[in-house]
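Asks: Here's a structure for you.
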Amino acid sequence: MSNLRYLLAAIRKDIGRILKDPLGILLWLCMPVMVGVLVNLAFGGGDGETPTAELLIADEDNSLLSGLLTGGFGQGEMAELIHTRAVTRAEGEREIYRGRATALLVIPEGFGDSFLNGEQDTLSLLTNPSQTILPGIVEEILEIMTTGGGLLREFLGPQIDLIASGEETGEDLLADQTVAGMAVDINNLMEGAGTWLFPPAIAFQNISVDTTAVTEAETGMVAEEEKTLLWYFFPSLLTLLLIFSGMTFSSDIWEERRAGTLRRGLSVPFPMRWMILGKFLAASLIIVTVILMAAAFGRFVLNLPHYSWLAGALFLALTGATLVAGMTALQVLFRTERGASIVVMFFVMVMMFGGGSFFPLEAMPGFLQRIAVYLPNGWALTHYKSVIDGHSAAGELLLPAIILISVFILCWTFCSWQIARRWGSDPS
Amino acid sequence: MITVEDLHKSYGDTVAVDGITFTAEPGRIFGLLGPNGAGKTTSIDCIAGVHKPTSGRITVGEFDIVRNARQAKAQMGVVPQEVALYEEVSARENLHFWGGACGLKGATLKERATEVLELIGLIDRAEEAIKKYSGGMKRRLNFGCGIMHQPPVLLLDEPTVGIDPQSRVRLLDLVREQAAAGVTVLYTTHYMEEAEALCDEIAIIDHGTIHAQGSLEELRTLVGEKDMVRLTGTFDPGTVSRALSDNLPEVEIMESDEEALLVSMMDAAGNLVALLGVLHDTGAVLRETSVRRPSLETLFIKMTGKELRE
């Protein structure tokens, strides 16, 4: 009973010390927040609009086909990426030289006829040299469209010839029999091509997408389209918070050693282990509070679709407590603060960059992902993400939590033994 | 009461304490006097249960510090050499924590903290974070934490290092009050005058060994009535040694090298001219001469062959 009273006094004392030095907490809170803001800005999370290419089109042909080509740029998602404007060749060139547009597409006179007659013709694209990415996008899209046109000419050659011959003979309308024959020919062609154009895999894929949608709704998993950059990055920020808290709280053992409070603690009737446990639990309580607040912020303010967020947050807090104990064990291995700082910083860096705390695990190369799960933060992050995206039930965190508690107890025992042995009273 | 019997403490090949034995009685102040690195702090650490002795036996009250560590520690209040306090929290919070660590609880703990704050003169600033305190105030609080549970044995390891004279006087008075109340006080210091002014019994320690032990009077008897004369200049140690033994056989050489000479002699003031004459005849060149009356310091020099410096 008196041991418990001493333990509570030690917890109260260390919480008091931590809260009376809020700058220390602010420092380890600020670092992950700063990283989060920077990454968000760097990956387009700011208010900037999606850049749009300004494509000028000089249609000198004015045929049905050139109309189809220019209209193609205004279809679907392409319309969001490319804004088109009809100009004359001279106007277009002027605009390009003034840097007011991305590219000028010139469709020469006779382009439609050349296509129908199977003759080669050339589309010219004049790009703005002051832009780098957008002209490339326009060029790629145009290339796809012309390749598609070439394929169409190849497959439907006889039918296109028939249309072209009608134009040549001056008949406005094709006879019903001719149209029916063309329809049958096109149908036969599509059926023949269907065996390799529409293989069973495509049909299967369509079905599987529908099935998955139903399964996700039933099991409560986060759908892939809901996983934004922030969804992937937020858990990493939480583990970054844990790493910094571990580093900050564990270095306090040097402060106690310098002050002589560890030596004094060794001369009181209670064993040193209770004083050390008090330190760890005080740090853990602060970590639990901060992680719960941060996780709730992510779930309810940022509206991140996190399942079992509370269990996940508590699991992360337990990871934080174990990191404090582990890093303290690392600190007391060294006789000088300088040596300990270098080694602890090394582990912090390895965990930050290799364990998915700085870059989300999903953004890391495969071999690094495989290594990451062997680092404490990467291991915790994997379990945490599995729960918040609904792949695992909260109860599945029980075994990892038992492992964490075991490691915590091991580190606590080692620290107490090492400090009582000589480390705590050695002033050197 | 503290009983230390043949205490040895080694760290690897380094011998820090080499077989010391003494007894500190209740109501008296026992001083361990020695320079830095003499083994004082290691001895206190062993007595306080911070370090386990390599061999020997330490008893505090009726409890052995190794076999009954918890009971023995409950008998002791320790005031370490460092200001072993938590700077971020107040004096009262420090007293509460260290008092609680020694078994006090509830209302008793709170009342005792107020009592101690009054005793050490910090009641007016009890709620302030102690990082705002002066060195002397911190030292007083350091002492206060050691006496929170009113221990029958008090260990003080150089408690006045680096404080102003006024705070030192105040602190020494507090130590005397503890002894007057029947507490066994073990006090380590390297300040000669502090030991002379405070301690009822003194052990002179160097290189982990006690060279002399007894009350101040007993130690003065050991020194005799001889004065110490220190001379600096240029000497030939061999020639000086022969000349003194031939002409002034009552003069005892304590230290001798080519630049300094330390001798012990009766009535130095009256015999100084004769001494200087002998030295002059050896070809010695003198730059400075000083005479010291018999004191604990002269005993220290006599016992250890060196002056006591910080």
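The values are calculated or read from the model by the stated rules, or taken from the named source; none is laboratory data. All of these numbers come straight from a predicted model, not from anything done at the bench. Positions of Cβ are backbone-derived with ideal geometry, glycine not excepted, and every protein chain shown enters the neighbour counts. Remember, those area values only see protein heavy atoms, side chains included, never the ligands or the DNA or RNA. Shrake-Rupley method; radii C 1.70, N 1.55, O 1.52, S 1.80 Å.
Asks: So what are the ³J(HN,Hα) numbers for region A:91-102, from phi and the Karplus equation (6.51, -1.76, 1.60; θ = phi - 60°), rounded to whole Hz, Gly and Pro as x?
Replies: Taking θ as phi minus 60°, the curve returns 4, x, 4, 4, 5, 5, 5, 7, x, 9, 9, 7 Hz for region A:91-102.
Asks: Whole angstrom only: what separates the Cα centroid of region A:334-377 from the Cα centroid of region B:1-23?
Replies: Rounded to whole Å, the Cα centres lie 47 Å apart.
Asks: Additional query: Which loop-located trypsin sites (Lys or Arg not before Pro) does region A:84-126 contain, where loop means any DSSP state but H, G, I, E or B and the Cβ has at most 14 other Cβ atoms within 10 Å?
Replies: A:Arg98, A:Arg100
Asks: Which residues' amide hydrogens lie under 5 Å from the amide hydrogen of B:Met254, considering only partners 5 or more residues apart or on another chain, with H built in the peptide plane?
Replies: Answer set, sorted by chain and number: B:Leu262, B:Val263, B:Ser264.
Asks: To the nearest hundred square angstrom, how large is the accessible surface buried between A and B, total for both chains, probe 1.4 angstrom?
Replies: Buried area between the two chains comes out at roughly 2600 Å².
Asks: Once you have the Kirkwood Rh of region A:222-425 from its Cα pairs, apply Stokes-Einstein at 25 °C and 0.890 mPa s and quote D in µm²/s.
Replies: Working: Rh = 17.6 Å.
After rounding, the answer is 139 µm²/s.
Asks: Another question, if that's okay. Of all accessible surface on the protein assembly as shown at a 1.4 Å probe, what whole percent is carbon and sulfur?
Replies: 59 percent
Asks: Classify region B:34-82 as rounded, prolate or oblate from the Cα gyration tensor: take a ≥ b ≥ c as the square roots of its eigenvalues, call it rounded if a/c is under 1.5, otherwise prolate when a/b beats b/c and oblate if not.
Replies: Taking the square roots of the gyration eigenvalues as a ≥ b ≥ c, region B:34-82 is oblate.
Asks: Please arrange A:Leu134, B:Leu198 by accessible surface area, largest first, computed with a 1.4 Å probe and ligands excluded.
Replies: On the way: A:Leu134 30, B:Leu198 10 Å².
Heavy-atom accessible area, descending, gives A:Leu134, B:Leu198.
Asks: Taking the Cα centre of region A:222-425 as origin and charging only Cβ (+1 Lys, Arg; -1 Asp, Glu), how large is the dipole, in debye to the nearest 20?
Replies: Values: 14 positive and 10 negative charges, 226 e Å.
Approximately 1080 debye in magnitude.
Asks: Calculate the tail of P(r) for chain B: the fraction of all Cα-Cα distances greater than 27 Å, expressed in %.
Replies: 51 percent
Asks: Could you tell me the largest-minus-smallest coordinate of the C-alpha atoms of the protein assembly as shown on each of the three principal axes, in descending order and whole angstroms?
Replies: Principal-axis extents of the Cα atoms in the protein assembly as shown, largest first: 151, 68, 48 Å.
Asks: Averaged across the residues of A:254-264, what count of C-beta atoms belonging to other chains lies within 10 Å of each residue's C-beta? Mind showing how you got there, number by number?
Replies: Numbers: counts 0, 3, 2, 1, 1, 7, 8, 11, 2, 11, 13.
Partner-chain Cβ atoms within 10 Å, mean over residues of A:254-264: 5.
Asks: Keeping all protein chains in place and using 1.4 angstrom, which order do B:Cys46, A:Cys411 fall into by accessible surface area, from largest down?
Replies: From most exposed to least exposed: A:Cys411, B:Cys46.
Asks: Same structure, new question: Report ³J(HN,Hα) in whole Hz for each residue of region B:70-79, in order, from the Karplus equation J = 6.51 cos²θ - 1.76 cosθ + 1.60 where θ = phi - 60°; Gly and Pro get x.
Replies: For region B:70-79, the Karplus curve yields 5, 5, 5, 5, 5, 7, 10, x, 10, 10 Hz.
Asks: Follow-up. May I ask you to order B:123-130, A:272-279 by the average number of other C-beta atoms within 10 Å around their residues, highest value first?
Replies: Packing order, densest peptide first, comes out as A:272-279, B:123-130.
Asks: Just to confirm, what accessible area per residue do you get for the protein assembly as shown at 1.4 Å probe, in whole Å²?
Replies: For the protein assembly as shown, the per-residue accessible area is 49 Å².
Asks: Please give the residues from region A:268-307 for which the solvent-accessible area of heavy atoms, probe 1.4 Å, is smaller by at least 30 Å² with all protein chains in place than with the chain isolated.
Replies: Residues of region A:268-307 that lose at least 30 Å² of accessible area once the other chains are added: A:Val268, A:Pro269, A:Phe270.
Asks: Taking each residue in B:141-147, count the Cβ atoms of any other chain within 10 Å of its Cβ, then average. What number comes out?
Replies: Mean partner-chain Cβ count within 10 Å for B:141-147: 1.
Asks: Once amide H atoms are built 1.01 Å from N in the peptide plane, which residues 5 or more positions from B:His211, or in another chain, come under 5 Å H to H?
Replies: Hits under the 5 Å cutoff: B:Ile204, B:Ile205, B:Asp206.
Asks: Determine the shape class of region A:343-428: with a ≥ b ≥ c the square roots of the Cα gyration tensor eigenvalues, call it rounded for a/c under 1.5, and otherwise prolate if a/b is greater than b/c, oblate otherwise.
Replies: It is oblate, given that a/c is not under 1.5 and a/b is not larger than b/c.
Asks: Could you tell me what a quarter of the Cα convex hull surface of region B:225-293 works out to, in nm² with one decimal place?
Replies: Spelled out: convex hull of the Cα atoms, projected over all directions, averaged, 3.8 nm².
Asks: Take peptide A:12-18, look around each residue's Cβ out to 10 angstrom, count Cβ atoms belonging to other protein chains, and average those counts.
Replies: Mean partner shielding for this stretch: 5.
Asks: Let me ask something else. Can you tell me which of A:321-329, A:247-255, B:216-224, A:54-62 comes out highest on packing, and rank the rest after it, using the mean Cβ neighbours within 10 Å?
Replies: A:321-329, A:247-255, A:54-62, B:216-224
Asks: Under the Kirkwood approximation applied to all pairs of distinct alpha-carbon atoms, what is the hydrodynamic radius of region A:224-268 in Å?
Replies: On the way: mean 1/r = 0.0749 Å⁻¹.
In region A:224-268 this quantity evaluates to 13.3 Å.
Asks: Cβ neighbours within 10 Å, averaged per peptide: list B:54-62, B:230-238, A:364-372 in order, most packed at the top.
Replies: Values: B:54-62: 17.3, B:230-238: 15.7, A:364-372: 13.6.
For the peptides B:54-62, B:230-238, A:364-372, the packing ranking is B:54-62, B:230-238, A:364-372.
Asks: Then there is this: Remind me, relative contact order of chain B in percent, using alpha carbon pairs under 8 angstrom and six or more residues apart? Walk me through the numbers on the way to the answer.
Replies: Values: 610 pairs, mean separation 64.6, N = 310.
It rounds to 21 percent for chain B.
Asks: Over region B:227-310, calculate the relative contact order: mean separation of alpha carbon pairs under 8 Å at least 6 apart, over the residue count, as a percent. Please list the in-between numbers first.
Replies: Working: 128 pairs, mean separation 34.4, N = 84.
For region B:227-310, the relative contact order is 41 percent.
Asks: Enumerate the calculated ³J(HN,Hα) couplings along region A:229-246 in order (Karplus 6.51 cos²θ - 1.76 cosθ + 1.60, θ = phi - 60°), each rounded to whole Hz, writing x wherever the residue is Gly or Pro.
Replies: Calculated HN-Hα couplings, in order: 4, 5, 4, 6, 7, 4, x, 4, 4, 5, 6, 4, 4, 5, 5, 5, 5, x Hz.
Asks: List the residues, sorted by chain then number, that are 5 or more residues from B:Asp164 or on another chain and whose placed amide H is less than 5 Å from its amide H.
Replies: Under 5 Å from the amide H of B:Asp164 lie the amide H atoms of B:Gly136, each far enough along the sequence or on another chain.
Asks: Could you work out how far helix B:237-247 tilts from the main Cα principal axis of chain B, as a 0 to 90 degree angle to the nearest 10?
Replies: Helix B:237-247 sits roughly 70 degrees off the main axis of chain B.
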